Amino acid sequence: MTTSLATASLALSVSLQGLALSLGLIVAIGAQNAFVLRQGLRREHVGSIVLFCAMGDALLIAAGVLGMAQALGERPALARALALAGALFLAVYGWQALRRARHAHQLKASVGGDGLSRGAALAQAAAFTLLNPHVYLDTVLLVGSIGAQQPAALRGWFVAGASSGSLFWFVLLGFGARWLAPWFARARAWQVLDGLIGMTMLVLSALLVRHALKGF
């Protein structure tokens, strides 16, 4: 009985470590978060986007714990290629957001026909998840390397805790954004959001290029 309680306590502790680490890394302004926030404000395929992003993080975390962290760490050329591809994607999306910021438009509770289809929204979510090197650095390298240090029997608990943190944040960000909808019904507020998103994308893109070229 005592052994079982001790094991359960240790498993809970490891899960909480994963949860805290995941939240500490993911609660920040970034490309993926900005996209989820925008979709939440538009009330457009929010459940699908939230589920996809959370599942993507969970798979990357699990892959990191199972050894991908070490594999990527030994391939600087691959890491550099991912950084440049991500920088290009962020630059294009940032430019598109700045173009939207030039035109006044209002957010409506029911999305009209000019919104993204579910497939297009998931494709963008996939790009933000898979073409963003920061996602790999956070989930695969950092979270994965720390999780890999846990005892083999407890690594699953660590992955579960870290994945729960990601799921909690995306649910909060995507569905919580709906409470901001009345404020973003004003055209000026929507323009400001697109402007901030565009500038954030461009800054992140520049930082990724700088990081990728640092080794040359």
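What follows draws every value from the coordinates through simple rules; no lab data is involved. Every value quoted in this text rests on a predicted model; they were computed, and no experiment measured them. No Cβ is skipped: glycine too gets one built from the backbone with ideal geometry, and neighbour counts run over all protein chains shown.
Peptides 200-207, 128-135 ranked from most to least packed give 128-135, 200-207, packing being the mean of other C-beta atoms within 10 angstrom over each peptide's residues. If R0 equals 22 Å, the separation of the Cβ atoms of residue 172 and residue 59 corresponds to a calculated FRET efficiency of about 0.60.
One chain, two ends: residue 100 and residue 12. Fully extended at 0.36 nm per residue, the span grows by 27.1 nm beyond their Cα-Cα distance. Roughly how many nanometres apart are two label points built 7 Å out from the Cα toward the Cβ at residue 188 and residue 48? According to this spin-label approximation, the distance is 3.5 nm. Stretched out straight at 0.36 nm per residue, the stretch from residue 196 to residue 77 would grow longer than its current Cα-Cα span by 39.7 nm.
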